[in-house]
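Have a look at the structure below, then the notes.
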Amino acid sequence: MSMQIYPSILSADFARLADEAKAVEGAECLHVDVMDNHFVPNLTLGVPVVESLRRATDTPLDCHLMIEDPDRWAPAFVEAGASSVTFHVEAAAAPVRLAREIRAKGARASMALKPATPVEPYEDLLPELDMLLIMTVEPGFGGQSFLDIMLPKIRRARALIERHGLQLWLQIDGGVSADTIERCAEAGADVFVAGSAVYGAADPAAAVRALREKATAAAPSR
């Protein structure tokens, strides 16, 4: 599949979210970080902001739920307009049931793994998903440095996906930049969440295109 760039509004100007969303309309999705100050030590935004963003942009919304009890809250984000909803396996009580509920409501179901969470125990869950997110920083705050030790994990995840012949997107989130995206693409990722690398640029749309080009050039043929 082609490489996809998801700008993260965590790095955008929250006072101008509608304008910031429009600034990256060439991106495949807009990544929305939802944090509850319990699962991670940060508090961001929730369903009402997702509803507002849905009205402000035609770009699909990818909601990453860094929250406790996603089994309860994830369906509300689909109803608010999210095209994709990611829950953390560390927080989900019934991940298969939750993935199926997200899909049944019409969104793509995605499961996230923290850096210390291995992917292999969840091999049997992969067919229930549309996307798997490998965190390449500890979740909670933007602007962190990429963890190179996650590259072998990305490779192992890609190997599992290919072993089962799945049409499963492999997303990474954390420290994605012009300096790191090529290594991640070479390792097997095909969806890249980028915050400061996009919104810290003078031209966010141009930054999206440049990142996509770098990832495409580095990706092995599959």
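The values are calculated or read from the model by the stated rules, or taken from the named source; none is laboratory data. Because the structure is a prediction, the values reported are computed rather than measured. Every residue, glycine among them, receives a Cβ derived from its backbone with ideal geometry; neighbour counts consider all protein chains shown.
Among (1) over 29 Å from Asp19 (Cα atoms); (2) assigned to a loop (DSSP other than H, G, I, E, B), there is one condition Pro152 misses while meeting the rest; what is its number?
Result: Pro152 passes all but (2).
Taking the criterion of being surrounded by 15 or more Cβ atoms within 10 Å (Cβ to Cβ) and assigned to a loop (DSSP other than H, G, I, E, B), would at least one residue in region 92-99 satisfy it? Walk me through it before giving the result.
Taking region 92-99 as the starting set, the residues that turn out to be surrounded by 15 or more Cβ atoms within 10 Å (Cβ to Cβ) are 92, 95-96, 98-99.
Next, from what is left, pick out any that are assigned to a loop (DSSP other than H, G, I, E, B): 92.
Yes: one or more hits.
What residue, of Ala116, Ala104, is at pLDDT 95 or above, over 17 Å from Val40 (Cβ atoms) and of a type outside the set (Lys, Arg)?
On inspection, the qualifying residue turns out to be Ala104.
For the subset of region 183-213 comprising residues that are surrounded by 15 or more Cβ atoms within 10 Å (Cβ to Cβ), within 19 Å of Leu30 (Cα to Cα) and charged (D, E, K, R), which member is nearest to the chain's Cα centre (by Cα)?
Per the stated criteria, the residue is Asp190.
Confirm whether Asp130 is modelled with pLDDT of 95 or more and at positive phi.
In short, no.
Condition first: within 18 Å of Ser11 (Cα to Cα), within 16 Å of the chain's Cα centre (by Cα), surrounded by fewer than 21 Cβ atoms within 10 Å (Cβ to Cβ) and modelled with pLDDT of 95 or more. Can you find one or more residues in region 142-155 that meet it?
No - not one qualifying residue is present in region 142-155.
To keep it simple, each residue is scored yes or no on (1) of a type in the set (A, V, I, L, M, F, W, C); (2) assigned to a loop (DSSP other than H, G, I, E, B); (3) without any contact (Cβ under 8 Å) to a residue 24 or more places away in the chain; (4) under 20 Å from Met3 (Cα atoms).
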{"site": "Leu133", "(1), (2), (3), (4)": "yes, no, no, yes"}
{"site": "Val137", "(1), (2), (3), (4)": "yes, yes, no, no"}
{"site": "Leu170", "(1), (2), (3), (4)": "yes, no, no, yes"}
{"site": "Glu182", "(1), (2), (3), (4)": "no, no, no, yes"}
{"site": "Ala185", "(1), (2), (3), (4)": "yes, no, no, yes"}
{"site": "Phe192", "(1), (2), (3), (4)": "yes, no, no, yes"}
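Listed residues Val176, Val198, Val208; which is in a loop (DSSP other than H, G, I, E, B) and not small (Gly, Ala, Ser)?
So the residue among Val176, Val198, Val208 that is in a loop (DSSP other than H, G, I, E, B) and not small (Gly, Ala, Ser) is Val176.
Within region 165-182, can one find any residue that is modelled with pLDDT under 95, surrounded by fewer than 19 Cβ atoms within 10 Å (Cβ to Cβ) and either in contact with a strand residue (DSSP E or B) (Cβ under 6 Å, 6 or more places away or on another chain) or under 30 Å from Asn37 (Cα atoms) (or both)?
Within region 165-182, not a single residue is modelled with pLDDT under 95, surrounded by fewer than 19 Cβ atoms within 10 Å (Cβ to Cβ) and either in contact with a strand residue (DSSP E or B) (Cβ under 6 Å, 6 or more places away or on another chain) or under 30 Å from Asn37 (Cα atoms) (or both).
Which of the residues belonging to region 112-131 are of a type in the set (Asp, Glu) and in a helix (DSSP H, G or I)?
Glu120, Glu123, Asp124, Glu128
Could you list, in sequence order, all residues of region 100-117 that are crowded, with 22+ Cβ neighbours inside 10 Å and small (Gly, Ala, Ser)?
Ala107, Ala109, Ser110, Ala112
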